[in-house]
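What follows is a short report on a single structure.
The values are calculated or read from the model by the stated rules, or taken from the named source; none is laboratory data. Just so you know, these numbers come straight off a predicted model, no measurement behind them. With ideal geometry, Cβ positions are generated from the backbone for all residues, glycine too; neighbour counts draw on all protein chains shown. For accessibility, only protein heavy atoms count, side chains too; no ligands or nucleic acids. Shrake-Rupley method; radii C 1.70, N 1.55, O 1.52, S 1.80 Å.
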Amino acid sequence: MRYLTGLAAFAALASPAAAERITVTGEAIDTWCYFSGVMGGADAVQGTAHHTCALWCAAGGIPVGLLAEDGTVYMVLKIAADDAANGGDMLLRIASHVITATGEHHVRDGINYLIVNDVVADAGIVNLTHEDYGVVPDFAIPEPKE
Amino acid sequence: MRMIAGLFAAALALPAAAQDFSAGSEAKEWGLLGEEKARFEAKVVDLLCELAGDCPADCGAGRRQLGLLRAADGALIVPMKNGQPLFTGAATDLFPYCGKDVEVDGVLVGDEEQTPAKFYMVQMVREVGAADWARANLWTKDWAARNPGPAAEEGPWFRKDPRVNAKIAESGWLGLGLEADEAFLKEYFQ
């Protein structure tokens, strides 16, 4: 019996984990700049300061994440029927927006994933980081020609 | 037996990248947070299929994000970035290998205070057993094929991308609208 219990525990952990239905509110972020530190601190690569770069990265196929208030980042794999998480139009539409989404939450090897069933609210871009950080990276906005 | 099962369970629950995969790596260093060189064998998987059993026959035809199921420990690694310093992800470069066993070389990144697992930048990839590596730099070639007009113009892709430029024209560089942009830019470039 103990042997079977051990096997069951192993099988449960080795198989795809069961999804949990959740509702989460967070900002749609560019995950590479956020986790790699390539542009500096995490606070500077959110919101308005980083909006142009967030568009580039979303269009470039870098995974978009939902940064929740508690700091958890959910990797967005699908939004409703749209599975174009590799640079799809929907990702450009929500870049830097604070949205509330319902969906299936999966956790595997320490990473959180979200399969969004529905975006129930979109507060738009409300994280005004340009007031503190200007533009990140600083070349994102080309200097106007004289 | 319970203890063994418990230890096994604990090992499986460990965040990815707890081991050192730097042996033999020839990856370029980028100086990123928590950066570690990492060369390993893995199966390229469709993340939606792997996690949720949503499995189209063609791995989503390039639309989806892909993962690397590492052979050594079964960890599911998220490749976020290809080898180009151009705001470009890894899924397009890995798509030709979806469902196949590959060897990849690159760097794992991520600070343990921010994330319990590291993410991957793939710089080189080859099928297991193949002699030659391919550089993970297909993204811009794919973009140019999809955007021949802009690709023929001067400048990097992200300055010319029609979708990005349409969004900036609509809601500005900050995303707050053209009026907010105008006021900000006047001060920013003073």
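A few notes on this one:
- Relative contact order (%) - segment B:9-136, alpha-carbon pairs under 8 angstrom, separation at least six: 28 percent
- Within a straight-line Cα-Cα reach of under 18 Å, B:Lys100 can be paired with the following lysines, leaving aside sequence neighbours fewer than 8 residues apart in one chain: B:Lys43.
- Spacing of the modelled spin labels on B:Glu154 and B:Asp111, each 7 Å from Cα toward Cβ, amounts to 3.9 nm.
- Backbone N under 12 Å from the A:Asp82 label point (7 Å along Cα→Cβ), restricted to segment B:155-175: none
- Calculated [θ] (222 nm, deg cm²/dmol) that DSSP helices of n ≥ 4 give over chain A, each run adding -39,500 (n - 2.57): -7000 deg cm²/dmol
- Portion, in percent, of the accessible area of chain A that falls on carbon or sulfur, probe 1.4 Å: 53 percent
- Residues of segment B:145-175 with amide N under 15 Å of a point placed 7 Å along Cα→Cβ from A:Leu128: B:174-175
- With the simple spin-label model, which puts each label point 7 Å out from Cα in the Cβ direction, the A:Ile22 to B:Ala169 separation comes to 3.9 nm.
- Carbon plus sulfur fraction of accessible area for chain B, probe 1.4 Å, in percent: 53 percent
- Averaged over the residues of peptide B:107-117, the number of Cβ atoms from other protein chains lying within 10 Å of each residue's Cβ is 4.
- Label separation (B:Leu86 vs B:Phe189): 2.5 nm, computed from points 7 Å beyond Cα along the C-beta direction.
- Using a Förster distance of 41 Å, the FRET efficiency for B:Ser22-B:Leu178 (Cβ separation, nearest 0.05): 0.25
- Over 25 Å (Cα to Cα) - which of A:Lys78/B:Lys160; B:Lys37/B:Lys81; B:Lys141/B:Lys186; A:Lys145/B:Lys28; B:Lys37/B:Lys160 fall in this group: A:Lys78/B:Lys160; B:Lys141/B:Lys186; A:Lys145/B:Lys28; B:Lys37/B:Lys160
- Extension gain, B:Glu29-B:Arg126: 0.36 nm per intervening residue step, less the Cα-Cα distance, totals 32.9 nm.
- On Cα atoms only, tilt of A:2-14 relative to the major axis of chain A in degrees: 20 degrees
- Solvent exposure of segment B:86-186 as accessible area per residue, Å², 1.4 Å probe: 48 Å²
- Principal axis box of chain B, alpha-carbon based, largest edge first, Å: 69, 37, 35
- Most mobile listed residue (A:Asp70, A:Asp89, A:Asp30) in chain A, GNM with C-alpha springs under 10 Å: A:Asp70
- Placing R0 at 22 angstrom, the Cβ-Cβ distance between B:Ala72 and B:Lys100 gives a FRET efficiency of 0.80 after rounding to 0.05.
- Size of the A/B contact, given as accessible area buried on both chains, probe 1.4 Å, in Å²: 5400 Å²
- Helix-derived mean residue ellipticity, 222 nm - over chain B, DSSP H n ≥ 4, -39500 (n - 2.57), to 500: -8000 deg cm²/dmol
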